[in-house]
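The values are calculated or read from the model by the stated rules, or taken from the named source; none is laboratory data. What you see is a predicted model, and the numbers here were worked out from it, not measured in a lab. Every residue, glycine as well, gets a Cβ built from its backbone with ideal geometry; the counts of neighbours run over all protein chains shown. Only protein heavy atoms, including side chains, enter the accessible area calculation; ligands, DNA and RNA are left aside. Shrake-Rupley method; radii C 1.70, N 1.55, O 1.52, S 1.80 Å.
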Amino acid sequence: MADIDTAKRKLEARLVELNARMKHLQDDLSEPLDPDFAEAAVEREDDASLEGQASLVSRELGSVNRALDRIADGTYGLCVKCGGQISSDRLMARPEAALCIDCAKQAS
């Protein structure tokens with residue numbers, strides 16, 4: 001199994017990055033639209049893209065938080081679907097991984 005302390009540090013650092021990115025996205029989305037109609041139309045298109053990015057960041061935040069919860073409750077490194085071990089290589093590459101490689105392949 002991957003070194004849990006290393007994984008925890010990586011996950012906590014990623015959490016800080018994601019929270020900062022989410023704040024930046026929310027700040028951008030909260031800016032009022034330009035009173036010029038053409039500019040406002042462009043800004044609405046940009047907002048749609050920002051909302052998509054925020055959705056992706058939100059999902060990743062959830063994955064990272066769930067991984068930190070698994071560390072806290074002692075289940076980190078165990079597949080949430082089959083209960084088997086998640087390989088150390090997989091956890092090194094994706095510390096937030098909740099599924100072993102076999103279950104991840106079946107899920108996609």
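For the stretch 46-108, the relative contact order works out to 27 percent when only alpha carbon pairs closer than 8 Å and six or more residues apart are counted.
Adding -39500 (n - 2.57) for every DSSP H run of four residues or longer, then dividing by how many residues the chain holds, sets the calculated 222 nm ellipticity at -24500 deg cm²/dmol.
If you take the beta carbon distance between Asp102 and Glu17 as r and set R0 to 30 Å, what does 1/(1 + (r/R0)^6) give as a FRET efficiency, to the nearest 0.05?
That pair, Asp102 with Glu17, gives E of 0.50.
Listed options for P(r) over Cα pairs in 10 Å bins from 0, in percent are (1) 14, 35, 24, 15, 9, 2; (2) 17, 54, 28, 1; (3) 15, 52, 27, 6, 0. The value calculated from this structure is the one marked (1). If R0 equals 35 Å, the separation of the Cβ atoms of Asp69 and Asp46 corresponds to a calculated FRET efficiency of about 0.55.
Note on the chain: GNM, Cα springs under 10 Å; of Ala48, Ala72, Ala38, the largest mean-square fluctuation is that of Ala38. Between the alpha-carbon centers of the stretch 19-41 and the stretch 55-104, tell me the distance in whole angstrom. A separation of 33 Å, based on Cα centres. Build a GNM of the chain with springs between Cα atoms under 10 Å apart, and of Leu56, Leu15, Leu68 the one that fluctuates most is Leu56.
Using a probe of 1.4 angstrom and keeping all protein chains present, the accessible surface of the chain works out to 65 square angstrom per residue.
Bridgeable aspartates and glutamates around Lys81 (alpha carbons under 13 Å apart, same-chain partners fewer than 8 residues away excluded): Asp102. Within a straight-line Cα-Cα reach of under 20 Å, Lys23 can be paired with the following aspartates and glutamates, leaving aside sequence neighbours fewer than 8 residues apart in one chain: Glu12, Glu31, Glu43, Glu45, Asp46, Asp47, Glu51, Glu60. Within the straight-line cut-off of under 18 Å between alpha carbons, none of the lysines are reachable from Lys8, sequence neighbours fewer than 8 places apart in one chain being disregarded.
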